[in-house]
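No lab work stands behind these numbers, since they all come straight from the coordinates. Everything numeric in this text was worked out from a predicted model, so none of it was measured. Note that we place each Cβ from the backbone using ideal geometry, even for glycine, and neighbour counts take in every protein chain shown.
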Amino acid sequence: MSNALSADLHGLASLTPAPAELADLEQLLAGAFRPLTGFLGPLDAATVAAGGRLTDGTPWPAPVVLTGPEALADAKRIVLQDPETVPLAVLEVTEAWRDPAAPAGTVRLAGPLTPLREPVYGAFRRLRRRPPAPGEAARPVLAVATRAPLHRRELGQIRQTAEKLGLPVLVLALLSGAHEQELVRALLAVHRELPEGAEIVTVNLAPRADAARDRALAAHVAAAYGATHLLSEAPVGDAPLTVVSPEPWAYDTDVEVWRPVARIDERHRRAALTEAELGELLDRGSAVPEWFTPPAVAAELRRARPPRHERGVTVFFTGLSGSGKSTVARALADALVERGDRTVTLLDGDVVRQMLSAGLTFSKADRDLNIRRIGFVAAEIARHGGLAICAPIAPYAATRAEVRRMVEAVGDFVLIHVATPLAECERRDRKGLYAKARAGLIPEFTGISDPYETPTDAELVLDTTGRAVADCVDEVLKHLSAGGWIRPQGG
């Protein structure tokens, strides 16, 4: 791969793919998505979505598509780069197609890829490696593909299955951008409990919304890494390797060990903690029992999911201009500062416009960029355990969802819809903005000449009509207290 952009590539349009698409690009370039050599066109994407096969009949579990702005619809060659503008590959565009599932104002870009350089990896880069080339000699391998730490039950099942099959073990840590360092540390912490010679490899693989497709894609990646067998409790359709179901295991309370269910008297069987039960323990700050997982893994679980009263959280107010969201947000920040149990940062819409987004207009593109900037800052605050309070109008559901995803990768997100009716907002309007908007003097004004997309995913809905600010703040504080993000007053 070249270390510099060749002369014939200068002047080409460039595109930074979204994080999930960037992960797919990495796997395409590495050969982990064989037989794919690029992003799919409309026919292949449709047949994969409908039946799990490419148009030539080759099994493939999930669409692999690239999204770009409409301005790139006529481009023939595009340089794909990482967020730091490092060029990674050239896309030879064979089709630019419109997808109803894609965001407005975008097209899907299909075509083969020419690699330019390897992606720059972060922590644990020693655990990254490219899949072997096709036809490269390899011995049979049992793969374990996981997005979660391995607890005592899974470790026992892996050892038992590997011994039964007489196979070495390859653990594929599937990274998705959320708490990935904690996942890798948790796997390394139990490396010595895996069969001798087991290898841990990290793979940047964005999760699919459909769990079955996600499992099937992981199976294809495991096969690309040379695995001949895959350990999986759930079914994997059209897998390019042999799928092995582990024998059921449980904890034997009589002798205090994990072992196959068939060897345990029913009176002494204890199942593993469910994901919900484990989450409740972590949210409360309770100890994770040693019978369930090794202490080193429990420590990484607590690091990834601290108790809610210590966890980073973003309280995101959205509503029309004049709804009262900024007033309530400022009063909430003051109340939390007075309590003193959280580090609080207020990102109010008007202040952000002056300090963070100076120069942006009120076009849809610039409004979305303003909200993304707020979301980025809020996510960084949450990453370090702080509490961010945001109060922009944020009229578009897709952009709010993007901010939620950013924040929830590192902390919690609480959306509060300040649902004060438009008529009340206009009545309160001291600046005369609504009157100017109705007169056509302010274009693209939310609620008048531009839509406000009412949230359907708000955790709390407030109508400030006829209510004191203190009453609204108390309602928010009660919600945060009930959720565990702040301690009850006097607690």
statement: segment 7-115: relative contact order from alpha carbon pairs under 8 Å, six or more residues apart, as a whole percent, is 29
- line: Quick calc: nm separation of the 7 Å Cα→Cβ label points for residue 34 and residue 247 -> 3.5
- request: Can you tell me how much longer the chain between residue 398 and residue 310 gets when fully stretched, taken as 0.36 nm per residue apart minus their C-alpha distance, in nm with one decimal?
  value: 28.8 nm
- line: Expected vector for segment 73-90, Karplus 3J(HN,Hα) from phi with 6.51, -1.76, 1.60 and θ = phi - 60°, integer Hz, x for Gly and Pro, equals 4, 9, 5, 9, 9, 9, 7, 9, 10, 7, x, 9, 6, 7, x, 10, 6, 10
query: Can you give the net charge of the other residues whose Cβ lies under 12 Å from the Cβ of residue 471, counting K and R as +1 and D and E as -1?
result: -1
- prompt: How large is ³J(HN,Hα) for each residue in segment 363-372, as worked out from phi by the Karplus curve 6.51 cos²θ - 1.76 cosθ + 1.60 (θ = phi - 60°), to whole Hz, x for Gly and Pro?
  reply: 5, 4, 4, 6, 5, 4, 5, 4, 5, 5
query: With labels modelled as points extended 7 Å from the Cα through the Cβ direction, what inter-label distance (nm, one decimal) is found for residue 457 paired with residue 233?
result: 2.7
query: Tally Lys/Arg at +1 and Asp/Glu at -1 over every other residue whose Cβ is under 13 Å from the Cβ of residue 423; what's the total?
result: -1
query: Roughly how many debye, to the nearest 20, is the charge dipole of the chain about its Cα centre, given +1 on each Lys and Arg Cβ, -1 on each Asp and Glu Cβ, and no other charges?
result: 520
Helix-derived mean residue ellipticity, 222 nm - over the chain, DSSP H n ≥ 4, -39500 (n - 2.57), to 500: -10000 deg cm²/dmol
- line: The answer for the net charge of residues other than residue 90 whose Cβ lies under 10 angstrom from its Cβ, with Lys and Arg +1 and Asp and Glu -1, is -1
- request: Please work out whether the chain counts as rounded, prolate or oblate from its C-alpha gyration tensor, where a ≥ b ≥ c are the square roots of the eigenvalues and a/c under 1.5 means rounded, while otherwise a/b larger than b/c means prolate and anything else oblate?
  value: oblate
message: Let's test the formula: R0 of 45 Å, r as the Cβ-Cβ distance of residue 265 and residue 18. What FRET efficiency results, to the nearest 0.05?
response: 0.30
task: Describe numerically, in nm with one decimal, the distance between label points set 7 Å from Cα along Cα→Cβ at residue 276 and at residue 481.
output: 2.7
task: Search the structure for amide H atoms under 5 Å from the amide H of residue 88, placed 1.01 Å from N in the peptide plane, and list their residues when 5 or more places away or on another chain.
output: 80, 81, 82
field: Nearest-ten-degree value, helix 42-51 long axis tilted from longest Cα axis of the chain
entry: 70
field: Computed lengthening from residue 441 to residue 133, 0.36 nm per intervening residue step minus Cα-Cα distance
entry: 104.6 nm
task: Provide the FRET efficiency to the nearest 0.05 for the residue 118-residue 430 pair, computing r from the beta carbons and using R0 = 56 Å.
output: 0.50
field: Estimated vicinal HN-Hα couplings, Hz - segment 252-261 in sequence order (Karplus 6.51, -1.76, 1.60; Gly, Pro = x)
entry: 8, 5, 6, 10, 6, 9, 8, 6, x, 4
statement: Subtracting the Cα-Cα distance of residue 383 and residue 9 from 0.36 nm times their residue separation yields 130.9 nm
